[in-house]
Amino acid sequence: QRRVHGIIAGNNSATDFPTFHSLSVLRGVLLLSHMNPFVKSFISALRRPLAHANFLQPTRSPWRAGIRTIQTTSASVRLRRHHVRLIPWLAGAGLAAGFGSAVFLDAFEEAHVKPMEAPSAALAELKALLGDRLSVDEDERLMHGKDHHSYHAQTVPSAVVYPKSTEEVSAIVKVCNAYKLPLVPYGSGTSLEGHTTAPRGGITIDFTNMDQIKELHVKDMDVVVQPGIQWMNLNDKLAEHGLFFPMDPGPGASIGGMIGTNCSGTNAVHYGMMKQYVLNLTVVLPDGTVMKTANRARKSSAGYDLTRLFVGSEGTLGVVTEATLKLVPRPEQTAVAVCQFPSLHAAADSVIRITEKGIRLGAVELLDDVMIRAVNQFYGLKYQELPTLFFKFVGTEAQVQDAIKHVSMISDSHQRSQFQWAIEQTQRDKIWEARKGALWASMILKPNSSVWTTDVCVPISRLADAIDQTKSDIEQAGIIAPIVGHVGDGNFHVFILIDPTNPDDLARAKQVNSRMVERAISMEGTCTGEHGVGVGKKAYLPKELGPEAINFMRLLKRSIDPNNIMNPGKIFDL
């Protein structure tokens with residue numbers, strides 16, 4: 001069988017539909033499935049009527065690997081006309097909804113870096129170790145050469161490997177170190193700053209097969225997991241025990257990638273960041289040594305904090321193969337609320353006052369006037385086009401009721417509109433829908449566009465100024481870019497909408513992003529609140545931390561990884 005990635009070109013003389021010569025369209029569609037459950041379910045439905053042609057036969061998990069790999073029994077496939085019509089419809093729907101940024105911006109991004117080819121001897125050793133879990137298939141490598149939702153250039157590894165255990169990872173690393181082959185860890189491909197690209201070539205290590213819960217300690221409220229497990233799947237399995245893992249980045253994110261970027265999400269204002277929930281790690285070092293960073297105790301003063309050294313290191317110091325995570329009880333009650341303000345400053349001042357009072361919040365999210373316009377159009381809502389805060393309250397019934405009362409009073413003193421709140425699940429979902437679906441809704445403002453999602457974080461007292469000035473830059477640049485923010489932390493995201501056929505759009509978007517990042521740093525903030533550095537933000541890191549800090553990081557990197565095989569080219573250059 002021939003494995004292909006894209007639409008298989010049919011024989012024009014033997015079919016009653018046009019031959020598809022480009023692989024890029026379906027590759028875009030396949031990538032869309034990783035971002036949106038609707039598109040994923042649509043592809044699943046599409047798979048059924050085509051089954052008779054053996055057109056879509058998943059070889060691995062349908063969430064990522066299965067959908068990206070297509071098998072056919074011949075080089076040409078006959079399909080009925082009505083089946084084929086679904087393909088361009090889906091591609092168009094995906095682009096209109098803004099899921100195509102990973103596909104269409106390559107031509108406008110930085111120059112491609114020629115990757116290092118893996119020696120045949122190294123591949124032979126890996127083949128002997130892994131068998132068919134070593135892939136040199138071109139399309140497999142292309143899929144791993146780019147974050148699914150990133151605007152950064154595609155850079156392709158020589159091979160992709162799929163280990164099943166820490167021992168296999170150690171053996172893989174030893175081979176790579178012996179041949180000085182770069183090694184790039186890969187979880188779900190949902191990162192945004194080029195973390196999983198392979199600018200130096202080498203080997204990508206995919207953790208699809210390492211996605212299990214190894215141990216669950218209910219009484220201790222911790223869990224030992226492999227890096228490939230996705231946080232949403234983990235929480236599904238924890239639900240029956242009344243526990244959950246509170247980090248909530250983008251859908252599909254895996255624990256390994258979340259550790260690498262020190263992620264957070266909407267829950268961070270209440271629960272904090274990833275580094276606060278990692279008790280210990282099992283790490284394979286660049287020479288293949290397997291090291292455990294700590295035991296399971298909730299606190300320790302024993303030696304260097306090696307666990308935190310690896311959290312946020314983006315795979316540049318070692319490969320995480322197991323993690324012990326701290327869990328929390330599921331809240332007894334949850335409520336949400338929404339209110340609008342005459343200005344960004346009024347909304348931000350309200351949040352500052354709420355925070356100063358120590359009021360218990362599960363989340364507090366800001367949508368600017370442009371984002372509200374989008375959700376109104378997308379969901380048929382009728383909010384005024386004003387800065388809007390969405391609150392989530394968690395805790396006991398008494399705690400939630402008390403928080404609602406005080407937030408209503410404080411926001412009223414900052415000229416809020418009507419304060420709408422709900423505890424019942426259906427009503428909660430209806431209110432929270434606007435925030436939950438903001439990314440998808442934003443694309444309605446510019447049909448056939450792609451989205452570049454970027455973030456910064458500033459001290460909360462500077463948040464309104466940072467957003468106001470960024471909005472001014474957006475207006476002057478003549479682009480459309482709604483803003484959402486985890487405002488309880490001073491963290492906000494800009495969804496920059498880009499015409500994929502217009503290089504000038506990307507140039508203006510880059511200018512807006514650069515000014516936003518430099519402004520955040522000048523306000524004693526950071527170039528990234530939760531996305532990580534990767535390749536996209538590394539130019540700003542010296543401005544934020546200074547040369548002394550960067551040189552110290554380089555010293556650590558050279559000491560631990562003298563051959564520079566661990567995800568080279570990320571965070572900083574050696």
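Numbers for the structure displayed
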quantity	calculated
In order through the range 243-249: 3J(HN,Hα) via Karplus (6.51 cos²θ - 1.76 cosθ + 1.60), integer Hz, x for Gly, Pro	10, 7, 9, x, 6, 9, x
Out-of-range pairs (alpha-carbon distance over 23 Å; input Lys392/Lys436; Lys146/Lys326; Lys382/Lys436)	Lys146/Lys326
Added length on full extension, which subtracts the Cα-Cα distance from 0.36 nm per residue, Gln384 to Asp305	23.6 nm
Residue-normalised accessible area of the range 388-463, given per residue in Å² at a 1.4 Å probe	46 Å²
Sorted largest first, extent of the range 423-574 alpha carbons per principal axis (Å)	54, 43, 31
Heavy-atom surface of the range 212-363, accessible at 1.4 Å and reported per residue (Å²)	40 Å²
Largest-first ellipsoid semi-axes for the range 398-477, taking √(5λ) over the Cα gyration tensor eigenvalues, angstrom	29, 21, 12
Restraint check, Lys180/Lys537; Lys164/Lys214; Lys127/Lys174, Cα-Cα greater than 19 Å	Lys180/Lys537
Reciprocal of mean inverse Cα separation for the range 116-265 (Kirkwood radius, Å)	16.2 Å
Stokes-Einstein D (µm²/s) once Rh is taken as the Kirkwood radius of the range 312-436 over alpha-carbon pairs, at 10 °C in 1.306 mPa s	99 µm²/s
Apportionment of accessible area to carbon and sulfur, the range 375-457, percent (1.4 Å)	48 percent
Charge sum, other residues only, whose C-beta stays under 14 Å from Val370's C-beta, Lys/Arg counted +1 and Asp/Glu -1	-3
Rounded to whole Hz, the Karplus (6.51, -1.76, 1.60) HN-Hα couplings of the range 350-355, x for glycine and proline	4, 5, 4, 5, 4, 5
Three-way shape call for the range 439-496 based on the alpha-carbon gyration tensor, with the a/c threshold at 1.5	oblate
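The values are calculated or read from the model by the stated rules, or taken from the named source; none is laboratory data. For clarity, every value in this text was computed on a predicted model and none was experimentally measured. Don't worry about glycine lacking a Cβ; one is built from the backbone with ideal geometry, like all the others, and counts go over all protein chains shown. Calculation scope for accessible area: heavy atoms of the full protein, side chains included, ligands and nucleic acids excluded. Shrake-Rupley method; radii C 1.70, N 1.55, O 1.52, S 1.80 Å.
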